[in-house]
1. Rounded to the nearest 0.05, what FRET efficiency do Asn483 and Arg57 give with R0 = 60 Å and r taken as the Cβ-Cβ distance? Could you check?
2. Set the bar at 18 Å for Cα to Cα. Now go through Lys297/Lys487; Lys636/Lys695; Lys402/Lys720; Lys67/Lys638; Lys133/Lys468; Lys133/Lys720 and name every pair that lies beyond it.
3. Please find the FRET efficiency linking Glu642 to Gln315, where r is the Cβ-Cβ separation and R0 is fixed at 35 Å, and quote it to the nearest 0.05.
4. Protein chains only, probe 1.4 Å: how do Ile437, Ile495 rank by accessible area, largest first?
5. List, in order, the whole-Hz ³J(HN,Hα) value for each residue of region 77-82 obtained from phi through the Karplus relation with A = 6.51, B = -1.76, C = 1.60 and θ = phi - 60°; use x for Gly and Pro.
6. Leaving out ligands, DNA and RNA but keeping every protein chain, what accessible area does Val351 have, in Å² rounded to the nearest 10, with a 1.4 Å probe?
7. Starting from the 7 Å offset along Cα-to-Cβ, what nm value, one decimal, do you get for the label separation of Ile437 and Ile522?
8. Using a Förster distance of 51 Å, how high is the FRET efficiency between Glu596 and Thr204, based on the Cβ-Cβ distance and rounded to 0.05?
Amino acid sequence: MVSLQPLLLLLLVPNFISFTSSDQPKTTPTPTPTPNPPLNIDDSRDTLLTSLLHSLRTNTNTTQKRKPPIFLLPGLASTRLQSWSAFPCPFPQPSIHLHENLWLSLPRATIEATYAKSTPKTIHNSCWLECLKLSPDGLENDNIYYNSNNDNDIYNASSSFQCKVRPAGGLSGISSLTPITTTSDFLLSDGSNTVYAWLIEWLTVNLSYDVNSLFGVGYDWRLSMTALQDRDGYFTRLRKTIEGGVASNGGKAGIVVAHSLGNTVFRGFLNWLKSEFLIEAMVETKASGSFFTSSSKYSLASQLATRNYDSWLSQNIYAYVALSAPLLGAVNPLRAVVSGETMGLPVNEDVARDIELTFGSTHSANAISTARADWEFLDGVLQNATDEDLRFLPALRQVRDKNDWDTNVDSFFTVVLTNNASNASNASNNAGNSSSIIKLLPEDIESGELYRTFAEIWKEDKNPLEVKRKQWERVKANFNFLNETFKRPNVRRVIVAYGVDIATEVGYVYEKGNVDVNICDIDDRPTIKTTVWEHPSGQLFTEDNSSPIVTSESSSFSLLKRTRSIVNSARNIGEFAWINEERELQQNKLRSKRKEIAMNKTTRMTHSGDGTIPYLSLSWAHVWMLETNQNFTSIKVKEREEGGVDWQLVTTNSTLCDYGDVMRAAENFKKGKEGGDKKKSENFHGTTYKPAMRKFTQCGGGELESTSTTVIEAIGVEHKEATRNYDILAAVFSDLLRYAYDDGMLDV
């Protein structure tokens, strides 16, 4: 599931952990005092950048020297959720209190984990889990909790309470999932508690951002785009927040930084904004009188709306930074609603699925068919490109060859039936296949056929997947973002950064026998027979789910290993470098469990994804470079080796808008017995792993001459780590600083 990392390391820890007075919160190392804040960036090779950083760090006159405000959009499950209702809960659960943190609640998770260790199921009628749900009817209303330990009395209206849960506001709501304390810092020492905490620290220390120029715009990540606006007025408030932030910072257009699903929410905001301007323009043209016909009025209104929309973007959004962006969605969220995904919670997949089925946001994260792209444009640009032309642009080569999950049908959803499937719907791509095999593609998600197919084959109690299909029909009436691919926003600067070469789920095989059983029989939920993974270099593997193993790649963090280490040692082992050291061992275990799929090298991806988002979805950002400038031969490519500090030029073409080699991580590596580990940096902002990276930069052409698009790929960086890896942040913001200076966006 997008950005939904397994979070609760304490869930596997025996409940004898106690804290003494000597236990203190982890503190950030304090640098040696200097007249000015320490330069954590080696910028000595660029005197202009040195001057910019010094001016930003030492600026005390904030009313005269302004910089672009920054707006942070988190991903799925990355905004704290708080209770806005209060009611008692049955023993052993504490009562729900007003403004209590429900996501994430370590005390309640501990209670669930304790109960789960002694029984094979979760707490009966858990008020915590019930309040994380939305209404089961698919309408995304607040859930109703029935306070009873008696099954016969559970629906007694006199003991019912509304679970009113809302997102926490401001920077604190997206900084960490639970307040930083000794307990949370110890138990969640791997960084899974943090969302934007390290990025906020980085911006504060390096660029002197504060509460007046840095804005957290969290949201209820359970809701669909439709419900975000209808229930919370989120897009209206986001527009006002951006406009207010720009106005309070001297009119400087802002920078939107989004992670994971936050990028899809930003896309939803832009779509909503277009419709708002169209409504405003229609009202304006209607007031102009009856001289024009209805069709001409609509044409005029459309032109006016487009002009006003572009003007608003120009005045309010200067740059867009997309971290780990699922531009074509992912497959894991659909698995969560079809068969369940525990999300790292102390629950089984049945309970997790009951929760996830109520979330409208799962639709926002679903896979988008590449058939919805503008192929007239893409073919026109790439059809004559040779392999040599695209030698250093493999992502564009796979676009040219249409190497995607619409054509490589073995790497998406497959249903295998062991007897006659005549009573089940056939998906749109089933023609010519055996009646015992149904293959489902992204276009079957958009049409709702995938939900219908599963619902007709697996006859579950209350038909939950039919409820889900109807929920999707309601959602897509307002926000059908699956009917086209995400195009580059019309802002001046766009930078996309993500990790690659982590084994990532890309497809599933479900198997069902006895399809023609008595119609009165009730089926269990669908279960996965086989998982399809993409590994580094894009090779596909299958894994038999009858004997799954828990690894840092299958669940993003190696819970079993990490928990045992926490039990055996009180030291903090939460470095991501530790995970990278373990990765080779995990890869070997995975390969021994998985079977390689025979593939032609020309028909597979160049890399795998980031452990959550498939590479196809992440790398669609390369198409944005073509939307900036159709001349793909002008794309500049640089790379940096693992543990390195210098960017090396890969292509010889000259791109004037690239400044990637002027800011680099400092060369003060951690010292060891042999002179230090050059794959780790001593910077205390975020993770210490120094990945190999490749950067692609395209400057605008024609009317877009002052625009640019940059794509940064970091080897071995996992999905959530993109918000806190120092080297990725340095690569992104070095370019942004130089762009902002050249574009007159900095008062220095």
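The values are calculated or read from the model by the stated rules, or taken from the named source; none is laboratory data. All of these numbers come straight from a predicted model, not from anything done at the bench. We place every Cβ from the backbone using ideal geometry, glycine too, and count neighbours over all the protein chains shown. When the accessible area is computed, the model is the full protein with side chains, heavy atoms only, and any ligands, DNA or RNA have been set aside. Shrake-Rupley method; radii C 1.70, N 1.55, O 1.52, S 1.80 Å.
1. Using R0 = 60 Å, I get an efficiency of 0.80.
2. Lys297/Lys487; Lys402/Lys720; Lys67/Lys638; Lys133/Lys720
3. 0.25
4. Sorted by accessible area, descending: Ile437, Ile495.
5. Per residue, the Karplus-derived 3J(HN,Hα) values read 6, 10, 10, 4, 10, 10 Hz.
6. Per-residue accessible area (Val351): approximately 40 Å².
7. 3.4 nm
8. Step by step, r from the Cβ atoms, then E = 0.65.
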